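No lab work stands behind these numbers, since they all come straight from the coordinates. Computed from a predicted structure; not experimentally measured. With ideal geometry, Cβ positions are generated from the backbone for all residues, glycine too; neighbour counts draw on all protein chains shown.
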Amino acid sequence: MNRNPKKPFEYSRKWSMRFVFLITMVFLYAPILVLIVFSFNNSRRGGNVIWKGFTTKYYAKAFANEELMLAFANSMTIAVTSTIVSVFLGAMTAIFLWRFRFPFKPLAEGLVSLPIIIPEICMGVSLAMFFSQMGWWTTGNTPWPLNLSNIILAHITFSFPFAAMVIRTRLQNFNREMEEAAKDLGASEYRVFKDILLPHMKPGLIAAALLTFTLSLDDFVITFFTSGPNTVTFPVKIYSMVRFSITPEINAASTLLIVLTLILTFLALRYQRLTDAKHD
Amino acid sequence: MTNPSADNNPKPINTALNKPIVSLRNIGKQFGKVVALEDVNIDIREGEIFALLGPSGCGKSTLLRIISGFETPTTGELLLDEQDMTRMPPNKRPVNMVFQSYAVFPHMSVADNVSYGLKMDRLARDEINQRVSTVLEQVHLQDFKDRMPDQLSGGQKQRVALARALVKQPRVLLLDEPLSALDAKLRDAMRLELVKLQETVGVTFIIVTHDQSEALAMADRVAVLESGRLRQVDTPSALYQKPVDAFVADFIGRVHTFSTTQIELNNEGAKIQTTELGTLQLPIHTLPPGVQAGAQTEKGAVLAFRPESVSISLADDTSNNASHDALKLPGLLGDVAFQGQHSIVEVTRGDAPSISAIVDHSALASLQDKPLGTPVIAHCDQQNLMLLPDTLK
């Protein structure tokens, strides 16, 4: 290097650092990249590492696969419903924990965030037992989408603590004088919430919605334990297809899932940036 | 409601005869076991700028929150226009507040911020628009109507907070440390502007501050609080010239204090024995409240004088023109701090606390070339000596 000498904190100009960064990127994204690339591979086997030419026929095949499409519809229904309920519950929980002082508050806070650290397998087993014990009425004959209700309940259970955590973080930097100022100007408790607190919470609500949606969309373990033969979700369906044989169709389906998640993330981030630039 | 900005009567020079607008009667406030306020009685008069002054933790902010309605006093009552407001919720009081952080709503434009309170009152759109533009002109923000708060400077945000409160045409405007978040230069300009604004709108201002120079410069009257108790309510000049105790004297400006051991009243006044100054005969015929004749305990009376009333002469100067009954304290010349108009001269006195004197240029001339440690005498006229109850810690 013939430029200025390196300064102590210019890590990006150290070759060792660049190497570590490169390796990290490769391990993180190479598998995903391979998956996407081989979804266009004109080969009967998805695990085939030999490029046999470009094709989109496996996408057409995936879209034509009725079982896969039903699983996708199931996943979307579950994700949308559980997101709405989780964000609502999470917001209520966050406001409650942030706003009020009550006996055993640390205990309540711990209990709310417990589902975040409990191993998923334990939650899956306990929820499966819970539903069978109380004879939850989803049978093979239950009409769609009511047959998804136990999965939806399970998803709400594990994802609303995440929503509560994200929203609470946002509430933490709310200036309480803002609330008092609104009251001082004549606002009722309800108007303070609607005009002042809710707009402040909005980025947190969006982030929480995005997080719970993705959590629900790609959850496998808990869903696997609570789904029946007629209530297969997208990840569970892909898993059963993989067990059968790995075809590029699975690559195509997975790629669709990635693209969907990316679009949602992009939209949410963009929205948040817009509101941040305008208000904060 | 009447529009205070519409009547063009200038603010009366003397608000002393105005009727009280806010009356605090025996106000006490406890947070658990902590006593924040104890038996506070103040009448704040219509149209005045009233300052609540005291060191942090003295209860001045709690008092302001009681007036605004965000705290309820444990004992006592609050009258506003002779009506009991002690338990009225803040959104129903004809009182508005400018918060220390300004608390401008970040997701609303300047105009939306200012009109928020009027929308809560369900006023007609035309009236809202008209009142908002009037008040924005008063605070010189007419060109910033559509700006968002993050496009405003600190000073401009404060104007938004002011406009937002004033547009409600409150009976009383409360300001919580209004200048503390501004930088020094802006603070001086804003001080003047707040006073001018108050003169235009005619609303009673109650200002909470810990900065004594701010209170003295802006307020018509000042209440000095210390650990939850009201020490003195008076005009700035009365606070300065006739402080009721050593705490007030020290908080409003600076004082040198000397403890006393014995006070006796006789025909010529008071004979005061002190440990450091010997025995003094002062023309004080009635002792101030809080000071008793007889032997003085540790928390008894102190003799005090201000650095401004000290003059300094060289010890060997025979043409001493100070009056013969003045207090004379010999010492050595210490540091001289140049302050522009005047200088602060330090007189060291061995183990005893040194004395500061504020002297002007002509008085400084004779000391100018003298080396440190030159023997000097600090004089203070008897009339400038104050006998005060010792309330300093």
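What are the equivalent ellipsoid semi-axes of chain B, built from the alpha-carbon gyration tensor (square roots of five times its eigenvalues), in whole angstrom, biggest first?
Values: eigenvalues 447, 132, 58 Å².
Its equivalent ellipsoid spans semi-axes of 47, 26, 17 Å.
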Using bins 20 angstrom wide from zero, how does P(r) for the protein assembly as shown break down, in % of all Cα pairs? 14, 30, 27, 19, 9, 2, 0
Nearest 10, in degrees from 0 to 90: the angle of helix B:154-166 to the longest Cα principal axis of chain B is 70
Given a Förster distance of 41 Å, the FRET efficiency implied by the Cβ-Cβ spacing of A:Phe54 and A:Ser12, rounded to the nearest 0.05, works out to 0.65
Within 10 Å of each residue's Cβ, count the other Cβ atoms and sort B:Leu52, A:Leu267, B:Leu332, B:Leu17 from fewest upward. B:Leu17, A:Leu267, B:Leu332, B:Leu52
I need the peptides B:343-349, B:232-238 ranked by packing, meaning the mean over residues of other C-beta atoms within 10 angstrom, with the highest value on top. B:343-349, B:232-238
Average other protein chain Cβ within 10 Å of Cβ, residues B:99-111: 5
Note: chain A at 20 °C, 1.002 mPa s; Kirkwood Rh on alpha carbon pairs; Stokes-Einstein D in µm²/s works out to 97
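Quick one: dipole size for the protein assembly as shown, taken about the Cα centre, charges +1 on Lys/Arg Cβ and -1 on Asp/Glu Cβ, in debye to the nearest 20. Intermediate results must be reported in sequence, preceding the final value.
Working: 64 positive and 63 negative charges, 771 e Å.
The calculated dipole for the protein assembly as shown is roughly 3700 debye.
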Which residue fluctuates most in the GNM of chain A (Cα springs below 10 Å): A:Ser159, A:Ser240, A:Ser16? A:Ser16
Would you mind ranking A:Arg18, B:Arg187, B:Arg164 by Cβ crowding within 10 Å, fewest neighbours first? A:Arg18, B:Arg187, B:Arg164
Can you give the angle from 0 to 90° between the axis of helix B:184-201 and the longest principal axis of chain B, with both taken from C-alpha atoms, to the nearest 10? 60
In percent, what relative contact order does segment B:102-173 have, based on Cα pairs under 8 Å that are 6 or more apart in sequence? 49
Could you tell me the calculated FRET efficiency between B:Ala238 and B:Asp351, based on Cβ-Cβ distance and R0 = 35 angstrom, to the nearest 0.05? 0.45
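Taking the Cα centre of chain B as origin, work out the dipole magnitude from +1 charges on Lys and Arg Cβ and -1 charges on Asp and Glu Cβ, in debye rounded to 20.
So the magnitude is around 1340 debye.
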Sorted by Cβ neighbour density within 10 Å, fewest at the top, the residues A:Arg13, A:Arg176, B:Arg122, B:Arg131: B:Arg122, A:Arg176, A:Arg13, B:Arg131
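Quick one: length gained pulling B:Lys33 to B:His140 fully straight, 0.36 nm per residue minus the C-alpha distance? Walk me through the intermediate numbers first.
Values: separation 107, 0.36 × 107 = 38.52 nm, distance 4.62 nm.
Length gained, B:Lys33 through B:His140: 33.9 nm.
If R₀ is 22 angstrom, what is the calculated FRET efficiency for the pair B:Ala363 and B:Gln383, using the beta carbon separation as r and rounding to 0.05? Walk me through the numbers before you get to the answer.
On the way: r = 18 Å, r/R0 = 0.84.
Approximately 0.75, to the nearest 0.05.
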